[in-house]
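To keep things clear, I will list the structure first and then write my remarks on it.
Please treat every number below as a calculation from the coordinates, not as lab data. Keep in mind it's a predicted model, so treat the numbers as computed, not measured. Backbone-built Cβ (ideal geometry, glycine too); neighbour counts: all protein chains shown.
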């Protein structure tokens with residue numbers, strides 16, 4: 001199934017500027033939704049980014065997030081990460097636990113109740129994402145996923 005050509009901006013698929021416009025628009029929409037979640041839950045924007053990083057860590061590499069990995073991921077100072085984690089822990093969003101083998105290592109866990117709250121809040125985003133996915137064939141979705149993986153990899157190499 002092909003998306004309707006009227007849903008796409010003008011210009012060939014190889015036009016770098018058209019991609020930049022689309023990526024900025026997508027980023028703006030994600031930021032708008034994340035900002036709204038932050039305001040609704042009395043969080044800082046950085047807190048929402050931290051929650052997403054904590055959530056994504058176990059999904060992407062199977063490793064629990066640690067404060068040092070979070071600092072690296074968000075490009076923050078140690079003090080800023082500590083303040084962020086203190087806010088998130090006080091608000092009940094995360095827990096910090098020490099690893100049993102090495103007590104110096106702290107693992108960050110996104111608490112189940114907070115995850116349920118986020119899942120409910122972001123359910124319109126999930127529905128929109130699924131509606132958009134339904135407009136493409138599995139092969140097209142593979143290509144889109146390959147593009148996003150490659151773009152993320154290139155961007156992370158720019159650090």
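Counting only alpha carbon atoms, the long axis of helix 45-61 and the longest principal axis of the chain meet at about 80°. Which residue, 106, 48, 21, tops the fluctuation ranking in a GNM of the chain built on C-alpha contacts under 10 Å? Taking springs between Cα atoms under 10 Å, the residue moving most is 21. Let me have the relative contact order for the chain, percent, based on Cα pairs under 8 Å that are six or more residues apart. Answer for the chain is 19 percent. Against the compact-protein benchmark of 2.2 N^0.38 Å, the Cα-based radius of gyration of segment 47-121 scales to 1.04. The length gained by stretching the chain between residue 116 and residue 74 to full extension, at 0.36 nm per residue less their Cα-Cα distance, is 12.8 nm.
With 0.36 nm allotted per residue and the present C-alpha distance subtracted, the residue 135-residue 19 stretch has 39.9 nm of extension available.
Note on the chain: GNM, Cα springs under 10 Å; of 104, 96, 71, the largest mean-square fluctuation is that of 104. Look at (1) 11.4; (2) 9.2; (3) 12.0: the one that is mean projected area of the Cα convex hull in nm² derived from this structure is (1).
GNM remark for the chain: springs join alpha carbons under 10 Å apart, and the peak mean-square fluctuation among 90, 103, 115 falls on 103.
Among 93, 35, 49, the ranking by other beta carbons within 10 Å of each residue's beta carbon, starting with the fewest, stands as 35, 49, 93.
So how do 144, 33, 54, 94 line up by other beta-carbon neighbours within 10 Å, fewest first?
Values: 144 13, 33 16, 54 24, 94 21.
Result, fewest neighbours first: 144, 33, 94, 54.
Here r is the Cβ-Cβ distance between residue 89 and residue 58 and R0 is 22 Å; the resulting FRET efficiency, rounded to 0.05, is 0.80. Multiplying the residue separation of residue 45 and residue 33 by 0.36 nm and subtracting their alpha-carbon distance yields 3.3 nm. Between helix 138-157 and the chain there is an angle of about 50 degrees, using the helix long axis and the longest principal axis of the Cα atoms.
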